[in-house]
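Here's the structure we're looking at; comments come further down.
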Amino acid sequence: MRAFATAHPNIALIKYWGKRDTAKNLPAVDSLSLTLGDLWTNMNVHFSSSYDRDRLEINNVINDQNISRVSKCLDSIVGKSRSFANIVSECNFPISAGLASSSSSFSALVVAVNGAIGRKYDTQLLASQAGSASGSAARSMLGGIVELKNTQTDIQIRQLSSIERWPLRVVIAITSKEKKSISSSKAMRLSANSSPFYSAWINNQEADMSEGRLAIENRDFERLATVSEHNCLKMHSVMWTTRPSVIYWNEASLNCMHAIREMQRSGESVFFTMDAGPQIKAICLPENEAKITQRLSEIKGVVSVMQSKLGGAPISRIPK
Ligand code: PMV
C-alpha cells in the first residue's frame, strides 16, 4: 500500500477566516483562490503492518510536531484499524509561514492516501477530506481559479477559470522565513469569540464573492484587484481587532503594499493579498511580472522573491 502525489498550494483572493463547524472543520464563509503552479509539495505514503507508529518526514527532517494532525487525517480516510504509515514529504517553499503550505501538504496527502488504498479518484470527496484537515487544502484539488462553496452539510469546489483562459501570475515577496506566531485555526477561534468586526466579516462575504465571480467571468483585472485587496484588508482588520490581537504583518509587508499601490498609480496591473503570515503576494498579468519582481526585490526587508504561474490539480502515481 504505497502511493505518491504532488499538489500545489493555493492563495485565496476572497478569503476564508472562521469556522462554522469546528469538529468537521467547515469554513464559516465561501472563498475563491488561485492555484500556484510553481510551488509544490511531493508526498510519498507507505502503509505497512511492519511499522509500529506513524512517521512523518518533511524535507529530510523527522517532524513530530504535525504527526497527530496527519494521523487523524489518515484515520478519517482509512479507518482507525489501519496499518501505520511512513510519510515522506518534500516542499519547495517555506512551510508554516503564511504561504499556504498546509493546502499543498494536506491535498497531496489525501490524494496519496486514497491512491494507496485503491480508492477511485473523486475530486469532491478528496476536497472534503482535505478540507477536514486544513480548510484551504480543499481548494488545491482543482487548478486555475477555484471557488469553494458551503453546502448544508459539507463543501463543494468548482473551477471558475482554467489556467489558459486567464493566465494570471503571482509574485511572492518573502519577508520572513520564521514559523507563524499563532496557528490560523487558533487565531480564527479567537477572532470569532472576540473581534467586534467578525459578524460584519461573515455578513459581507457573499457580496465580495459575487463581485469576485463577476470579475473572473469578465476577466476584469481592475475589478478583481479592488475586491481582493478590500477582502484581504477586511480579514486582517478582523485579525487586528481580535483579543489578543493577531498581527501577521511586519515592516517589509507594509512597505511592499505601499510599493504595489505606487505601481498601481503608475498604471501597472497588479494587486496584493496576504494570509496568515507576513509574505506579500502580488497578483499581476504576465507582461507586468518582471517589473514587479524587480521592484519587490528592492524593498528593505524582502528576503527573497518567488514567481508562480497558475497551476493544475494534484497528480497521483501508484507504483507497480
Ligand atoms: O487552511 P487554514 O486552516 O490554514 O486557513 C488558512 C486561512 C487563510 O490562508 C488566512 C485564508 C484562506 O482562505 O486561505
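The values are calculated or read from the model by the stated rules, or taken from the named source; none is laboratory data. Remember, predicted model here, so these are calculated numbers, not experimental data. Every residue, glycine as well, gets a Cβ built from its backbone with ideal geometry; the counts of neighbours run over all protein chains shown. What goes into the accessible areas is simple: the full protein's heavy atoms, side chains included, and nothing from ligands, DNA or RNA. Shrake-Rupley method; radii C 1.70, N 1.55, O 1.52, S 1.80 Å.
Of PRO94, PRO27, all but one fail to be within 16 Å of the ligand (Cβ to nearest atom), farther than 19 Å from LEU148 by Cβ and open to solvent by less than 30 Å² (accessible area, probe 1.4 Å); the exception is PRO94. Against the conditions (1) loosely packed, with under 14 Cβ neighbours inside 10 Å; (2) free of Cβ contacts under 8 Å to residues at least 12 places away in the same chain, LEU233 satisfies every one except (1). Of all residues in the stretch 270-286, none satisfies being within 20 Å of LEU168 (Cβ to Cβ) and free of Cβ contacts under 8 Å to residues at least 40 places away in the same chain.
If only residues of the stretch 23-60 that are free of Cβ contacts under 8 Å to residues at least 60 places away in the same chain and aliphatic (A, V, I, L, M) are counted, the one that is farthest from CYS91 (Cα to Cα) is ALA23. Looking only at residues of the stretch 244-260 that are open to solvent by less than 10 Å² (accessible area, probe 1.4 Å) and either assigned to a loop (DSSP other than H, G, I, E, B) or touching a Gly at 6+ places or on another chain (Cβ under 6 Å) (or both), we find that the one that is farthest from LYS186 (Cα to Cα) is ALA252.
Of all residues in the stretch 277-315, those satisfying the criterion of being within 23 Å of VAL227 (Cβ to Cβ) and among the β-branched types (Val, Ile, Thr) are ILE280, ILE283, ILE292. The number of residues in the stretch 266-304 that are outside any strand (DSSP E or B), more than 16 Å from the ligand (Cβ to nearest atom) and either open to solvent by less than 20 Å² (accessible area, probe 1.4 Å) or not aliphatic (A, V, I, L, M) (or both) comes to 19. For ARG20, the requirement of being surrounded by fewer than 17 Cβ atoms within 10 Å (Cβ to Cβ), touching a residue at least 24 places away in the same chain (Cβ under 8 Å) and closer than 19 Å to MET188 by Cα is met.
State whether one or more residues within the stretch 169-184 are assigned to a helix (DSSP H, G or I), more than 14 Å from the ligand (Cβ to nearest atom) and touching a residue at least 40 places away in the same chain (Cβ under 8 Å). Looking through the stretch 169-184, none of the residues is assigned to a helix (DSSP H, G or I), more than 14 Å from the ligand (Cβ to nearest atom) and touching a residue at least 40 places away in the same chain (Cβ under 8 Å). Screening ARG213 with (1) on the phi < 0 side of the Ramachandran plot; (2) free of Cβ contacts under 8 Å to residues at least 60 places away in the same chain; (3) open to solvent by 10 Å² or more (accessible area, probe 1.4 Å); (4) not hydrophobic (A, V, I, L, M, F, W, C) gives one miss only, at (2). Residues that are open to solvent by less than 70 Å² (accessible area, probe 1.4 Å), in a loop (DSSP other than H, G, I, E, B) and not basic (Lys, Arg) within the stretch 52-89 comprise ASP54, ASN59, ASN63, ASN66, GLY79, SER83, listed in sequence order.
Applying a threshold of 7 Å to beta carbon distances and a minimum spacing of six or more residues, or different chains, the list of pairs starting in the stretch 127-153 at a residue that is within 11 Å of the ligand (Cβ to nearest atom) and ending at one that is of a type in the set (D, E, K, R) and assigned to a loop (DSSP other than H, G, I, E, B) reads SER132/LYS24; LEU148/ASP30.
Looking at this structure, is TRP240 open to solvent by less than 60 Å² (accessible area, probe 1.4 Å), among the hydrophobic types (A, V, I, L, M, F, W, C), within 14 Å of the ligand (Cβ to nearest atom) and within 30 Å of SER195 (Cα to Cα)? In short, no.
Scanning the stretch 115-160 for residues that are open to solvent by 50 Å² or more (accessible area, probe 1.4 Å) and not polar (S, T, N, Q) turns up ILE117, GLY118, ARG119, LYS120, TYR121, ASP122, LEU125, LYS149, ASP154, ARG158.
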